[in-house]
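Working notes, beginning with the structure itself.
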Amino acid sequence: MLYAIFMAAILVVLGAMWRGHRAAMPLFLATVAVTTVYLIADMTSPLTLSF
Amino acid sequence: MPHIYLLAATANAWTLILILGAAFWVQFAAGEPPCPLCVLQRIGLMFCALGPVYLLIGQRNGDVSVRNVAVAGGIGIVAGLFGAAASARQVLLHILPDDPGFGSPVLGIHLYTWCLIAFIVHIAASGLMLIGATWLPERRIKPWPLTGVTAGALAAMVIANILSVIAEAGFHWELPSDPTGYLLFK
């Protein structure tokens, strides 16, 4: 479900880009940051989400 | 020159969309549900596609501006770094001798290694796009006809992945580390 939320955020960013909304870039950066934190958390705790 | 940018951005976006489509083909035709790191790499591909699509969407106003090229290139590089980190992580997990790797290889190379190659190429392409802005004239051109269909295809691919990952994870917060089926239907 968590991944679906990340992807939904990407969809929202795409929609904001299409509408020319100024929140598009901050939302993109926030989504990348949160997803990166999640990836780093996985890297520092091996064998949780990775195969 | 603006048309070269639009053509390159369209080709870039469609290449990423087709890679996501190929991942679906492996998922359903070969019966290999993606692992969590595979899904993160798919997310990285979607992030990357936002760069060229941003350039295409920005051109609807009539010009390929240096500002839009810079933002699209920045998106591409940041997204490519994220995706490269995720795929390099998975490559390193299977780097030991005699490790069979995860999933079936395609053309002798596992999908996560293909992804790492794709992300590195994407970063390089984004850098070249930024350098090429040196020769970009500021002039208005006709709206690019492939913008809508490209953005729509990316949106459809994101929605398909959302449905896929919900089917795979069911009502669980995370995916199983070595998925064998779809928890929503069990």
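Only the coordinates and a few stated rules stand behind these numbers; no lab work does. Values in this document were obtained by computation on a predicted structure and should not be read as measured data. Don't worry about glycine lacking a Cβ; one is built from the backbone with ideal geometry, like all the others, and counts go over all protein chains shown.
Neighbour counting of Cβ atoms within 10 Å sorts the residues B:VAL91, A:VAL37, B:VAL71, fewest neighbours leading, into A:VAL37, B:VAL91, B:VAL71. Mean partner shielding of peptide B:54-64, defined as the number of other chain Cβ atoms within 10 Å of each residue Cβ, is 2. Amide H contacts of B:VAL106: B:LEU111, each under 5 Å away and 5 or more positions distant or on a separate chain (H built 1.01 Å from N in the peptide plane; Pro and chain starts excluded). Just to be sure I follow the definition: excluding the sites themselves, where is the longest run in chain B that has none of the chymotrypsin sites (Phe, Trp or Tyr not before Pro) in a DSSP loop with at most 13 other Cβ atoms within 10 Å? It works out to B:1-170. Across B:ILE159, B:ILE120, B:ILE19, mean-square fluctuation computed from a Gaussian network of chain B (C-alpha pairs under 10 Å connected) peaks at B:ILE159. Residues B:HIS3, B:HIS110, B:HIS94 in ascending order of nearby Cβ atoms (within 10 Å, fewest first): B:HIS3, B:HIS94, B:HIS110. Normalised radius of gyration (Cα atoms, divided by 2.2 N^0.38 Å) for region B:98-182: 1.63. Taking 1.002 mPa s as the viscosity and 20 °C as the temperature, the Stokes-Einstein diffusion coefficient of chain B based on its alpha-carbon Kirkwood radius rounds to 123 µm²/s.
Of the residues B:ASN68, B:SER87, B:ILE166, the one whose Cα sits farthest towards the positive end of the charge dipole of chain B is B:ASN68 (charges of +1 on Lys and Arg Cβ, -1 on Asp and Glu Cβ, taken about the Cα centre). What the pair-distance distribution of region B:10-117 shows, using all Cα-Cα distances binned every 10 Å from zero, is 14, 41, 27, 13, 4, 0 percent.
With a cut-off of 14 Å between beta carbons, the residues surrounding B:ASP178 carry a summed charge of -3, where Lys and Arg count +1 and Asp and Glu -1. Mean sequence separation of contacting Cα pairs (under 8 Å, at least six apart), scaled by the length of region B:24-153, corresponds to a relative contact order of 33 percent.
Other residues whose C-beta falls under 12 angstrom from the C-beta of B:PRO34 contribute a net charge of -2, scoring Lys and Arg +1 and Asp and Glu -1. Listing B:GLU168, B:GLU32 from fewest to most neighbouring C-beta atoms within 10 Å gives B:GLU32, B:GLU168.
Mean-square fluctuations from a GNM of chain B, with a 10 angstrom spring cutoff on Cα atoms, peak among B:GLY74, B:GLY51, B:GLY108 at B:GLY108. For the protein assembly as shown, the Cβ-based charge dipole about the Cα centre amounts to some 1000 debye (Lys, Arg positive; Asp, Glu negative; other atoms uncharged). Helix A:24-43 axis versus longest C-alpha principal axis of chain A: approximately 0°, rounded to the nearest ten.
Look at the stretch A:15-23: the mean tally of other chain Cβ atoms within 10 Å of its residues' Cβ atoms is 3. The smallest convex shape that holds all Cα atoms of the protein assembly as shown, its convex hull, gives 122 Å³ per residue. Per-residue mean of foreign Cβ neighbours for B:154-166 is 4 (Cβ atoms of other chains, 10 Å radius).
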